[in-house]
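Working notes, beginning with the structure itself.
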Amino acid sequence: KKSMAARSVMMSHTRFSGLASLAVLAIFGAPSAAAGAPATRRALVGRCFALVSAPLLVRAEGIESIRQAAASIPGYGQPDIYYPPAFRGRRIASRHVFDVSGLETPGLATVAEEARRLAAGDYILYDVRFIVRDEHIIADRGWNAETFMAAVRVGAGSDTIRPSADWSASNPNILTLRDGLRLVEFKVTRRAVEQPMENAFGASEYERVADAGSDGILAAVPLIQARRVETRYRWALPPDGQPVSTIEVLERVSWFDPTKTGFADLKSASPSLVVKSRIEYARVRSTS
């Protein structure tokens, strides 16, 4: 019985080896002899190794491919806001909130309180960056969110850990910001961008905002909000060959209560809170 079992195993192994060889030949074709030399087993093994290794390389790029695909979901408009060349590089932003209006809504109490505090104070200063991605200039949303929130915390006299953002330029529609125990996700659901003029530019984005922890604890169920960010940019044309020194920005952020408006069509909905800001982007001059 042992002898018959051994023969059976050997025949199965031989049959499997033969099928494997046929599969290799079907995929790669019969290996050709170089300079008349016969094909070696090492050559076949090398080709098999390449076949097995290929999926691993594809997997390494899988996350990046998913991010790029998500950025192209219909309804977003173009994958990101593409800025004119004048924006490229690092700038110092000075922001002043000059108007806060709207009804008191429990879900927007934290946002309203922070906006009114900023309106009562002076300008806040923070860094902004505009980077190159696929030959387009885009905002470094992660960096800009971190530096802005850090400036807000300093202005409030808070000693919390510096805010941190999770964002990828390959999928710019989602940004997650952690600020102490507060965790907020911003997801762009629709975007409209004007064709840039010689010295002016505008954009509008609708976002779904999932806020967990605004009340000091990390909530089991995040508070879902919605907002629209409308931005207008303008700048003076410099002499030929000179960079734009200052970009003036007018920003209007409209916050909505989804329990009243839903997410279907915010265009015709009335915002619960509107925050208006004036911002200046000043060019950082090289010290070299």
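The values are calculated or read from the model by the stated rules, or taken from the named source; none is laboratory data. Bear in mind that the values here come from a model prediction, so they are computed numbers and not experimental data. Backbone-built Cβ (ideal geometry, glycine too); neighbour counts: all protein chains shown. The protein model used for the area step is the full one, side chains on, heavy atoms only, and it has no ligands, DNA or RNA in it. Shrake-Rupley method; radii C 1.70, N 1.55, O 1.52, S 1.80 Å.
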Within the stretch 108-121, the count of residues that are more than 10 Å from S277 (Cα to Cα), touching a strand residue (DSSP E or B) at 6+ places or on another chain (Cβ under 7 Å) and surrounded by fewer than 18 Cβ atoms within 10 Å (Cβ to Cβ) comes to 1
Evaluate the stretch 77-93: report whether one residue or more is touching a residue at least 60 places away in the same chain (Cβ under 8 Å), surrounded by fewer than 19 Cβ atoms within 10 Å (Cβ to Cβ), within 19 Å of V188 (Cβ to Cβ) and not hydroxyl-bearing (S, T, Y). yes
Yes/no for A200 being under 30 Å from P85 (Cβ atoms), open to solvent by less than 70 Å² (accessible area, probe 1.4 Å) and under 17 Å from the mean Cα position of the chain (by Cα): no
Report task. State whether the residues of the stretch 129-138 include one that is free of Cβ contacts under 8 Å to residues at least 40 places away in the same chain and closer than 23 Å to R182 by Cα. Result -> no
Of V128, V100, V152, the only residue that is of a type in the set (V, I, T) and open to solvent by 30 Å² or more (accessible area, probe 1.4 Å) is V100
Exception for T189 within (1) surrounded by fewer than 18 Cβ atoms within 10 Å (Cβ to Cβ); (2) free of Cβ contacts under 8 Å to residues at least 60 places away in the same chain falls at (2)
When every residue in the stretch 224-235 that is closer than 19 Å to R95 by Cα and of a type outside the set (D, E, K, R) is compared, the one surrounded by the most Cβ atoms within 10 Å (Cβ to Cβ) is Y233
Worksheet item: Got at least one residue in the stretch 159-167 being at pLDDT below 90, over 11 Å from the mean Cα position of the chain (by Cα) and of a type in the set (A, V, I, L, M, F, W, C)?
Response: yes
Scanning the stretch 173-185 for residues that are free of Cβ contacts under 8 Å to residues at least 40 places away in the same chain and under 15 Å from the mean Cα position of the chain (by Cα) gives L175, T176, L177, R178, V184, E185
In the stretch 258-281, anything modelled with pLDDT of 80 or more and open to solvent by less than 70 Å² (accessible area, probe 1.4 Å) is listed as A269, P271, S272, L273, V274, V275, K276, S277, I279, Y281
